[in-house]
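Laboratory data are not the source of any read-out in this text; all were calculated from the coordinates shown. These numbers were taken from a predicted model, which means no experiment stands behind them. Virtual Cβ from ideal backbone geometry, glycine too; neighbours counted across all protein chains shown.
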């Protein structure tokens, strides 16, 4: 999964969890390792200032910490933005809206009840985007057809929207990713991390919460303080889908 990186761990792309080493003994006592899996901490002690935080808040904070980009990763993302967006920083494009359209295997596996057209996404946010004077849009999808749909929609809207886009390999899902050669996987992962950076920093975000990717982006945005509504054409969350199985 981590390409040709020698460590074969998330440290290939993200900062290490800690730079501290674990001594074999402390004050003459042998240290032991305890797996912090679910069930080991039935009554966690929470810092008083965070007593009223939800489980999702804690999960989002932990995820954000674990996925802090290494300087090399961040430099790659910023160079990608500078190359394809014709500006040195994503900050020059605010305000913008990011749209993630998930289809393919999610529909085949019935995690998504259907594949939604791009127009169904646009119908959710178009009025709000216009009221907020947002005309820049970033679209991410594994389905190349989505960009043809955008061209038609934008034509009907008198070219109101300016498209931001990174030319990446499409039709990549987890099943195909893990069967790629190591160098190709690394390239795809860096493309994913570029997408993640752009979507997490968007002023508005649109997607489907049955998608692991959209939930990841949503949690990243929560930590960044972006608490505005999430636009989705689905009428259920993942927990609803699980409950019915």
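Key figures for this structure:
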read-out: Shape call, the stretch 71-244: gyration tensor on alpha carbons, a/c limit 1.5; value: rounded
read-out: Calculated FRET value between residue 94 and residue 184, using beta carbons and R₀ = 41 Å, to 0.05; value: 0.80
read-out: Inter-label distance, nm, simple model (7 Å from Cα along the C-beta direction), residue 18/residue 83; value: 3.8
read-out: DSSP bridge pairs, the chain: antiparallel proportion in percent, nearest 5; value: 20
read-out: For 234, 199, 156, order by how many other beta-carbon atoms lie within 10 Å, fewest first; value: 156, 234, 199
read-out: Segment residue 119-residue 64, extension gain: residue separation times 0.36 nm, minus the distance between their alpha carbons; value: 16.7 nm
read-out: Relative contact order (%) - the chain, alpha-carbon pairs under 8 angstrom, separation at least six; value: 26
read-out: Value at 222 nm in deg cm²/dmol, rounded to 500, when DSSP H runs of n ≥ 4 in the chain each add -39,500 (n - 2.57); value: -12000 deg cm²/dmol
read-out: Most mobile of 212, 133, 29 in a GNM of the chain (Cα contacts under 10 Å); value: 29
